[in-house]
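Scroll down for the structure; my scribbles are underneath it.
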There are 2 protein chains.
Amino acid sequence: MLTSMERKRRDKAATRAALLDAARLRFARQGYDGTGVRDIAADVGVDPALVFRYFGSKDDLFEEAVHVEIPESAGGSLTDITAALLNDVVFADRQEFDGEHPLIVMLRSSGRAEVRDRLRHDLCEGYLRTFADHFKGAAPDLRAELVGALLVGIGVMRSVVASPALTQAPYEETLPLVQRLVAALDQPPAHP
Amino acid sequence: MLTSMERKRRDKAATRAALLDAARLRFARQGYDGTGVRDIAADVGVDPALVFRYFGSKDDLFEEAVHVEIPESAGGSLTDITAALLNDVVFADRQEFDGEHPLIVMLRSSGRAEVRDRLRHDLCEGYLRTFADHFKGAAPDLRAELVGALLVGIGVMRSVVASPALTQAPYEETLPLVQRLVAALDQPPAHP
DNA sequence: CTCCCAAGTCATCGATCGATGACACAAGCC
DNA sequence: GGCTTGTGTCATCGATCGATGACTTGGGAG
């Protein structure tokens, strides 16, 4: 797989970018342990030694490959944030990661401790902080993490488990169900 | 780690069982790729060749290690099933798997396709079928898989991401929140 | 055209992996 | 005690891994 047919034959920046793209695809599909630097280099059609010259080590390449900036959550209502997050985390088509979210990519490579640390940081400090701020009542952090669990779980069911219904259901069908769940979490417990 | 201090020195059944226990722990903590047969054998204090003699291959050992029978869901109300499932999948203390559910262990080793197939089968055909049967209205499969996503997500948040709130919250605090979510999924959409 | 630096290649290292087959040794039986 | 059977060990194979350093080659500057 040559990422770009017209890649110049001796262009450091282009080659580095092509290696990064190939690494993202490989890591997304096969995880960290299942991917070798020789595979990545072969995808680009280049010598494996270039990986170490440009990125230092396989670890550094992975770090740079799965790095993604967390979008500034538009400070709207809980409904708006839910819709944005579901779209961004679950349904956004990340072509560079084979259609999966970097969080799922990291999850697939969660054998290493640093990856788990990055996961926790990106999720809890990044995506879920807004939810915790919006939840009123007791234990907002716990309820925010339950939203995170739901979103992560949906991603896992679609990308890893490949469960039939969730994989085929479009965004328009999944969103209202998720909205009902988040709304139920926001309301105080009903004591009839 | 010798599983049992008084293990007889030449006892095939006991040695095999000890290898299986050690394999479960290693696979649970480090995943399939991160675990070597030499590690497992060293845990038991035995030669690595015994692994192949008793189990055939590393793959076969993994298959046997993560095999778990799905409990027959007591055919009670949706509330009862939810409580049972949350306890069994998320909060049951599986000592033999370092406290984690075999589903999470498989998830940590999901690089191989057969593992993903087993995951999908055990989850959708096993755990979630009961939910789909209990859900009235449209798209019961989708809603059942959303329950599965929630449970799997909670397991991931606790075991992999190690998110603070969900990890520390006891069963008694998490269960009512999950109950509210499942109940919201069961009710027909509210159109005020 | 030539020179020179950067881009890319080649050979190779040491470690580790799963796996195999020949071998050593303890236990039960006679 | 000698023999058989089965439990466990040892040495080793071939492949693959990440990583290193010396080497080659292309392309722009002069």
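Please treat every number below as a calculation from the coordinates, not as lab data. All figures in this text were calculated on a predicted structure; none of them were measured in a lab. Cβ atoms come from the backbone with ideal geometry, glycine included; neighbour counts cover every protein chain shown.
Some values worked out for this structure:
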{"read-out": "Amide N proximity, the range A:67-96 versus B:Ala139 label position 7 Å along Cα-to-Cβ, cut-off under 20 Å", "value": "A:79-93"}
{"read-out": "Local electrostatic count at A:Gly111 - Lys and Arg +1, Asp and Glu -1, tallied over other residues with Cβ under 12 Å", "value": "+3"}
{"read-out": "Karplus (6.51, -1.76, 1.60) ³J(HN,Hα), θ = phi - 60°, over the range A:92-101, in Hz, Gly and Pro reported as x", "value": "5, 8, 8, 4, 5, 10, 6, x, 9, 7"}
{"read-out": "Coordinate range along principal axes, alpha carbons of the protein assembly as shown, Å, largest first", "value": "66, 62, 33"}
{"read-out": "0 to 90° range, to nearest 10: angle between helix B:171-186 axis and chain B longest Cα axis", "value": "50"}
{"read-out": "Nearest-first distances (nm) between copies at B:Ala138, label 7 Å from Cα via Cβ", "value": "3.7"}
{"read-out": "Average other protein chain Cβ within 10 Å of Cβ, residues A:108-115", "value": "4"}
{"read-out": "Estimated distance in nm for a label pair at B:Arg29 and A:Val68, the labels positioned 7 Å out from Cα along Cα-to-Cβ", "value": "3.1"}
{"read-out": "From phi via Karplus (6.51, -1.76, 1.60), per-residue ³J(HN,Hα) for the range A:77-86 in Hz, x at Gly/Pro", "value": "6, 4, 5, 5, 5, 4, 4, 5, 5, 4"}
{"read-out": "The range B:36-123: equivalent-ellipsoid semi-axes (sqrt of 5 x gyration tensor eigenvalues, Cα, Å)", "value": "31, 15, 11"}
{"read-out": "Net charge over other residues, Cβ less than 15 angstrom from the Cβ of B:Asp60 (K, R count +1; D, E count -1)", "value": "+2"}
{"read-out": "Neighbour-count ranking [beta-carbon atoms within 10 angstrom, fewest first] of B:Asp88, B:Asp21", "value": "B:Asp88, B:Asp21"}
{"read-out": "Label 7 Å beyond Cα on the Cβ vector: A:Glu125 copy-to-copy distances, nm", "value": "4.4"}
{"read-out": "Whole-angstrom gap from the range A:17-80 to the range A:128-192, using each part's C-alpha centre", "value": "28"}
{"read-out": "Average beta-carbon neighbours from other chains, 10 Å sphere, peptide B:26-37", "value": "2"}
{"read-out": "For chain A, calculated [θ]222 nm from helices alone, where every DSSP H run of n ≥ 4 adds -39500 (n - 2.57)", "value": "-17000 deg cm²/dmol"}
{"read-out": "Shielding by partners - mean other protein chain Cβ count within 10 Å, residues of A:177-184", "value": "5"}
{"read-out": "7 Å along Cα→Cβ, label-point gaps from B:Asp93 to other copies, nm, shortest first", "value": "4.9"}
{"read-out": "In Hz, Karplus ³J(HN,Hα) per residue of the range B:106-112 (6.51, -1.76, 1.60; θ = phi - 60°; x = Gly, Pro)", "value": "5, 4, 6, 10, 7, x, 9"}
{"read-out": "Chain B: angle of helix B:140-156 to the longest principal axis, Cα-based, in degrees nearest 10", "value": "50"}
{"read-out": "Where the Cα pairs of the range B:61-191 fall when distances are cut into 5 Å bins, in %", "value": "2, 9, 20, 23, 20, 14, 8, 2, 1, 0, 0"}
